[in-house]
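Encoded as C-alpha cells, the structure appears first; notes follow it.
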Amino acid sequence: MGDLSTLSSNLLYAAFFIYLIATFFFGGTIRDKGKGKSRVAGNIGITITIIGFLTQLGYFITRWIASQHAPVSNLFEYTTFFGMMLIFAFIILYFIYRVDLLGLFALPIALLIIAFASMFPTEISPLVPSLQSHWLYIHVTTASLGQGILSVSFVAGLVFLIRQVDQTKRSKHTSWLEFVIYVLFATIAFIMVTSIFGAMEYEAKFQAPVNGQQAEITYGVPAIAGPADGEVISEGAMGPLFEAPAWMRGQDAAKKLNTFLWSLFGGLVIYGLVRLILRKRVAAAIQPLLKKLNPELVDEVSYRAVAIGFPVFTLGAIIFASIWAQQAWDRFWGWDPKEVWALITFFFYAAYLHLRLSRGWHGLRSAWLAVGGFGIIMFNLIAVNLVISGLHSYA
Amino acid sequence: MNEITCECGHINPEGTVLCESCGKPIEKNQHIDGNDQKELLNMRYDGSARRSQTYNRTIIDKIWNFFSSVKVGVWLIVLTLIASAVGTILPQEMYIPPNVDAATHYRDQYGLLGQIYYQLGFHNLFSSWWYMLLLAMIGISIVIASIDRFFPLYKTLKKQKPKRHELFMKKQRVFGTTESDQVDVERFKKNLKKNRFKVYEENGHILAEKNRFARWGPYVNHIGLIIFLIGSLLRFVPFFYVDEFVWIREGETAMIPGTDGQYYMKNEEFILETYDESDERFKEAIQKQGGPIPKTYQTDAVIYERTDEFIPGKEPELKEVKTASAKMNHPIKFDDYALYQASYQLNEFKEMTFKIHDKENEDSNYGEFTVDLTNPKSEYELESGHRVVIDSYFPEYEMKDGEPVSVSKYPKNPAFVFHVYPPGETSPETSFLGIGMNIDATGENDYKLGLVNFDVRDVTGLTVKKDFTLPIIGLGGAIFMIGVIQGMYWNHRRIWLQPKENGVWIAGHTNKNWFALRREIDKVIDGTHIQKPVDQYEMKD
Amino acid sequence: MNEKTLKKKKKRLIFRTAMLAVMVGLVVFALISNSKDDKSVVAKGEQAPNFQLERFGSEGETITLSDLEGKGVMLNFWATYCEPCKDEMPYMEELYPKYKEKGVEILAVNLDSTDLVVKRFMDTYDISFPVLRDKNGQVMDLYNIGPIPSTLFISPEGEIVEQVTGALTLSKLEGHLKEIAPEE
C-alpha cells in the first residue's frame, strides 16, 4: 500500500515536469513561421502535454487504489484534480482550434495550480460519513471539469487582453492587466515562501487564546502578523510585527493572514524585479510575442470554452451537487457558502452568455468577463475554503 | 398601417427589422437593432419583430416590455449575484449556534460589521422578501423575454425563403462573390448534403441550413428554469412538503412528526464509528487531525404504523412496518417519507447503580440498587433489609437561591435526595448525591451511598422529509440541461448561394463559432470553383 | 386602423394582463408564505384541537378534550422544572373547587419525563385538579407551546378564548375563568 502511494506522488512530480517541458515547446511556436504549415514545435508540445496528462491520470488512479476512495476529498486532491482538468480542457480546445500559443499560457497556469495544491496537507485522509457516496466523484469530477473548461476561457481571455490592449499609453485596461499578472506572481510567491521555509523546517510556536481557550499555534513561516493576544514560545523565533485583528475567527485565522501577507509582499518583490529587468509593463513586454495571433480566433476560443464549460459546470456543480446534498443532508440546497458561490459562478456565466449573445459583448469586454469568471472560481476554491468557512465555528 | 409590405411582396408584422421572407432591411426599423447603412446586418433574432419593441401604449405594455429586456434580465442576475456574495461574508442565521440570540451573537462575534449585517437583515438574506423578489423577477423576466422572442423568431425562420435580397447577402458577415462560368452548383449541393445541411432551392437560389433546433435551446432551458421555480414554490404548500426534526433516545419509541400521528419509530441503537487509528492508509491524517475521525453515523430503527384512530396524546396501537438503518447518504424510506440521519448526542445518563456502605469503610457493602433515570421508582428494598426512598430527583441539577432545582427534564446532570432506612428503623438518614457530589445532610449518618456504576445511552436526531416537489424540480433541472446542451453544443448555420449573370454570390451566417462556419464553407465549396468568402467583420475594440 | 388589428391588439393586451396577473399572484403567494412562521399557531378564536391523555396517578383513566364540551376548560402547560409554574399552582388549587361547580374544568398538562418527580411535586403542592401526562410532548406540539407556563382558556363551545404565556396572578386567573364559565 505504501509503495502505491509513493508511486502515486512520484507520478504527480513527473507530470509536473512533463508539463513544464511541454510549456517550452509551446514557447518555441512563437518562432514558427507561416500559418499552420510548419507546426513541429506545436505538435511536440501537445504530444508531451498528453503524455503529462496520462502521467497525472496515473497519479490519480494509483492514489484512488491506495486510498480506496476517489482522491478528490481534500483541498490538495481537489486542486490537483482541477489542474488536471484544466489541462484536459486545454487539450480538447487545442484540437478544435489548434492555437499553439494558448498552451504557452494554459500550461503555466495549470502548473501554478498544481504547485499551489501541493502546499496543502497531502496525506491520504479518511472520508467522513457525509462524503461516503458515489456522488463524491460524480459530483466533484464533473464540477471540476466544468471549472477546468471555464478556466481555459480565462486563459484565452488573458491572451486576448495581452494581445489587444493598447500598451502605448497607460489606461484602466493596462493597470488591471498588470494587476492580474501581479496576482499570478503573488501565487508564485506563496508557493516559493511556503516551500523555502518548509525546506528549512522553520517553526514558530505561539500561545494565543482561541475561542476563549489558550491554544498553541504553529507558524510555518516567520510571523508578520501574529495571533491576537499571542505570545511567542519558540526560542529565537521572530516576533510578529503586529497582531492580527481579534475579530478574525478560527484557530488558524492569523496564520492564514500571515501567509497571505507574505504572498502579497513576495508577489510585489517578484513583480518589481521583473519590471526592473523589462523596463516596461509586463504585458507590454509579452505583447510582441503574440502579434501573429489572430485576436478573433482567441476571442472565439474564449467564448467556445464558456459554451462548452457552462453546461458541464451546471451539471456538476449545481445539479449533481443538489442530488447529493439531498441524499446526504436531506435538502438539495442549503445556502451554504460553497453552494452560494457555485450559484454565483452560474449566475456570472449566465450573464456572460446573455451579454455576448443578445447584447453583442465581444472582444475586450468579453475577455474581461472571462477573467472575472476565473476570479470567482478561484475565490470559491480558495477563499471560501480557507477564509469564509474560517469565519465559521466549524472550520 | 401596421404591416409592412416588402418589395418581394411579403407582408411583415409591425416592428420587423429584416423581411421575414427575403431578408431585406426594413428602412424605418433599422434603429431598433442598431443597424445602419455602412455596417453589417445585425442578425439578432433574425430581424424578427420582437413584440416588446413594438407596442408600448398601456401600463401593462410598459411593465411587459420592462421585463422583456435582456438588459433588465442581466441587471437582475447581477444584483442577485452581488446580494448572494454579500450573504456569504458572515454566516447565515441558520448556521450560527441554535441557542444564542442572533442580535447579540452577530454583535459579539463580529463587532460593528456584524451589527450592521444583522440590522440590514443580511443574516437571513436568502429567505428575505427582497432576495425572493429578485429571484421572482428573474423568473418573470425569463417568461416574458422568452415569449417575446421565441414566437417571432420561430415564424421568421419558418417563413424564410432561399431567395434573399441582395442587400441582405452583401451585409452578411461571411460573404463572397465569384465571377466564373464554371461554378458547379450540383457539386456544391452534394457537398452540402454530405455535411448534413438541408438544402432548399428556389429558381437557382439556394439556402442550406443545419441545426435550426439549436436556436430553441435557450427557450427550452428557460422552460426548465420556470418548472424548477414552480417546483420550489410548491414547497410552501404543506401537502407537497414536510420538513420536521425529531430526537429519539435509544430504546424509546416516538411519533414521527409531520406524519399526522400515523407513523412511529423506535430507536434500537445509535452507532458512531470512528476510523481505526492504526489503519496504515490514514495514520498520518488521523494524527494530524489530533483526534478520531468519524466513519459512520447510524441509527438502527423500527418503523411502526398506527392502527387505531389518531388522537394526540393517546397511547397508540402499533404495527411494525419495517426494520431499517438510517446512515448518512442512506436515509430510511417508507411511504412518502424519508428519515435522514442528521444529528446525535452521545452518552446521556440512563441508569445509575448505587451501593450502601459504612460511612467509615468504603469496602463494606449492604447491597446495590439501580435507578432507571427515565423512570425512577420511589422506593428500593435491599436484601440486607435497608430501604432507600428517593425523596427528590433532579434530572439536570443546579443550585438556585440555595435550593436544589432541576432546569430541565433531561438526565444530563442527575442528582438525588435519598432517605436510607436502616433495617428496622423508621427514621431515615438523608444523603444528597449527584455527579461528583456526596453530601451527608446532618453529618450524623452511619451509612453512605456510593455510585458504583452507570449506564449511558445515545440520542439520535433525524430529519423527517416528505417532498413531492422533487420530481418537479428534477424535471426542471433535466429540461434546463437539455436546453443548455441543445443551445450550446450545436450551432445554427446557414449558407446562401445566389446565381448571378456570371457567377454566384455566397453568404453565410451562424449564431456562434464563426471559425467553424468558415471551415465548413471551405469544405462545401471544395471543387465547385466558388471563391472562398471573406469575413467582413473586424474587431474594433 | 382596421378591425382586425384592433382585435389583435385587444387580444394581446388581455394575454399580457393575464400572464402578469398569474405571475404576480405566484410571487405574492411566495412572499406571504415565506413571511408566515413555519407552524400554524393555535390562535385565539379557533377551535381547540382535540387530544386524549392519561390522568396522572390513575390506573389508565384517560381524559379526552372533546368529552368536555359544554364545560369551560382551562388548559395549563407546566413542568416541575419551571419556576413560574410553581407560583401559579396554588392559585389554581384555590379556585378549582369553586369553578368546578360552575362547570369549568382545569386540565394541567405536565411535560416532565419521569413520574417520580411529578408525584413528589403533587404531594408537595397537594394538587387536586387533574394532571395529565404528555410524556412525548405531542399535545405540546399540537398547541405549538413554546415557553411555559402557557395557559389556554377554552369556551364551552370548544373555542380558544384566551392564551396566556407566563404565570398568572390570582385575579387574572379568576377573570379568565369567569369568561369561560358556561352560562346558567
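Annotations
- Some residue of the stretch B:221-229 being in contact with a Ser or Thr (Cβ under 9 Å, 6 or more places away or on another chain), at pLDDT below 85, among the hydrophobic types (A, V, I, L, M, F, W, C) and open to solvent by 40 Å² or more (accessible area, probe 1.4 Å): no
- Any hit, the stretch B:433-455, residues being under 30 Å from residue B:172 (Cα atoms) and of a type in the set (S, T, N, Q): no
- Of all residues in the stretch B:485-517, those satisfying the criterion of being modelled with pLDDT under 90, farther than 23 Å from residue B:156 by Cβ and within 14 Å of chain A (Cβ to nearest Cβ) are B:515, B:516.
- Within the stretch B:255-267, restricting attention to residues that are open to solvent by 20 Å² or more (accessible area, probe 1.4 Å) and in a strand (DSSP E or B), the residue that is nearest to residue B:320 (Cα to Cα) is B:266.
- Looking only at the stretch B:91-108, residues that are modelled with pLDDT of 75 or more and more than 7 Å from every other protein chain (Cβ to nearest Cβ) come to 11 in all.
- The residue of the stretch B:404-415 that is nearest to the chain's Cα centre (by Cα), among those that are facing chain C (nearest Cβ under 10 Å) and farther than 17 Å from residue B:456 by Cα, is B:408.
- Restricting attention to the stretch C:53-88, the residues being among the acidic types (Asp, Glu) and crowded, with 18+ Cβ neighbours inside 10 Å number 2.
- Residue within the stretch A:324-341 that is of a type outside the set (D, E, K, R), more than 8 Å from chain B (Cβ to nearest Cβ), free of Cβ contacts under 8 Å to residues at least 12 places away in the same chain and open to solvent by 20 Å² or more (accessible area, probe 1.4 Å) present: yes
- Exactly one residue out of A:21, A:30 is in contact with a helix residue (DSSP H, G or I) (Cβ under 6 Å, 6 or more places away or on another chain), free of Cβ contacts under 8 Å to residues at least 40 places away in the same chain and open to solvent by 20 Å² or more (accessible area, probe 1.4 Å): that is A:21.
- On the stretch given as the stretch B:109-135, residues that are facing another protein chain (nearest Cβ under 8 Å) and exposed (fewer than 15 other Cβ atoms within 10 Å of the Cβ) total 5.
- When residues in the stretch A:75-121 are screened for being part of a loop (DSSP other than H, G, I, E, B), within 14 Å of chain B (Cβ to nearest Cβ) and surrounded by fewer than 20 Cβ atoms within 10 Å (Cβ to Cβ), 3 of them pass.
- Filter result for residue B:449 (part of a strand (DSSP E or B) and not assigned by TED's automatic domain parsing to the domain that holds residue B:190): yes
- In the stretch C:127-161, the residues that are charged (D, E, K, R) and free of Cβ contacts under 8 Å to residues at least 60 places away in the same chain: C:135, C:141
- The listed residues are B:56, B:35, B:2, and the only one of them that is under 46 Å from the mean Cα position of the chain (by Cα), open to solvent by less than 60 Å² (accessible area, probe 1.4 Å) and modelled with pLDDT under 85 turns out to be B:35.
- Of the criteria (1) part of a loop (DSSP other than H, G, I, E, B); (2) over 34 Å from the mean Cα position of the chain (by Cα); (3) touching a residue at least 12 places away in the same chain (Cβ under 8 Å), which one residue B:278 fails: (3)
- Filter pass, residue C:20 being among the aliphatic types (A, V, I, L, M) and over 30 Å from residue B:398 (Cβ atoms): yes
- Restricting attention to the stretch B:231-285, the residues being small (Gly, Ala, Ser) and more than 10 Å from chain C (Cβ to nearest Cβ) number 5.
- Subset of the stretch B:458-496 [open to solvent by less than 20 Å² (accessible area, probe 1.4 Å), of a type in the set (A, V, I, L, M, F, W, C) and touching a helix residue (DSSP H, G or I) at 6+ places or on another chain (Cβ under 7 Å)]: B:473, B:480, B:481, B:484, B:495, B:496
- Among the residues of the stretch B:200-214, at least one is without any contact (Cβ under 8 Å) to a residue 40 or more places away in the chain and closer than 30 Å to residue B:483 by Cα.
- Which numbered condition residue B:458 misses (of (1) closer than 30 Å to residue B:297 by Cβ; (2) without any contact (Cβ under 8 Å) to a residue 40 or more places away in the chain): (2)
- The number of residues in the stretch B:358-385 being in contact with a Lys or Arg (Cβ under 6 Å, 6 or more places away or on another chain), part of a strand (DSSP E or B) and touching a residue at least 12 places away in the same chain (Cβ under 8 Å) comes to 1.
- Check on residue A:319, in the same structural domain as residue A:188 (by TED's automatic domain parsing) and either farther than 25 Å from residue A:342 by Cα or not basic (Lys, Arg) (or both): no
- Hits in the stretch A:346-394 (condition: facing another protein chain (nearest Cβ under 8 Å) and modelled with pLDDT of 85 or more): A:347, A:348, A:350, A:351, A:354, A:355, A:363, A:364, A:365
- Of residues in the stretch B:298-341 being among the basic types (Lys, Arg) and under 20 Å from residue A:330 (Cα atoms), the one surrounded by the most Cβ atoms within 10 Å (Cβ to Cβ): B:327
- Checking each residue of the stretch B:433-455 against the condition of being within 12 Å of chain C (Cβ to nearest Cβ), under 30 Å from residue B:271 (Cβ atoms), of a type outside the set (A, V, I, L, M, F, W, C) and open to solvent by 70 Å² or more (accessible area, probe 1.4 Å) gives no match.
The values are calculated or read from the model by the stated rules, or taken from the named source; none is laboratory data. It should be emphasised that the depicted structure is a prediction, and the values quoted were computed from it without experimental measurement. Because the Cβ atoms are built from the backbone with ideal geometry, glycine has one as well, and the counts that use them run over all protein chains shown. Each accessible area value is taken on the protein alone, full model and side chains, heavy atoms only, with ligands, DNA and RNA left out. Shrake-Rupley method; radii C 1.70, N 1.55, O 1.52, S 1.80 Å.
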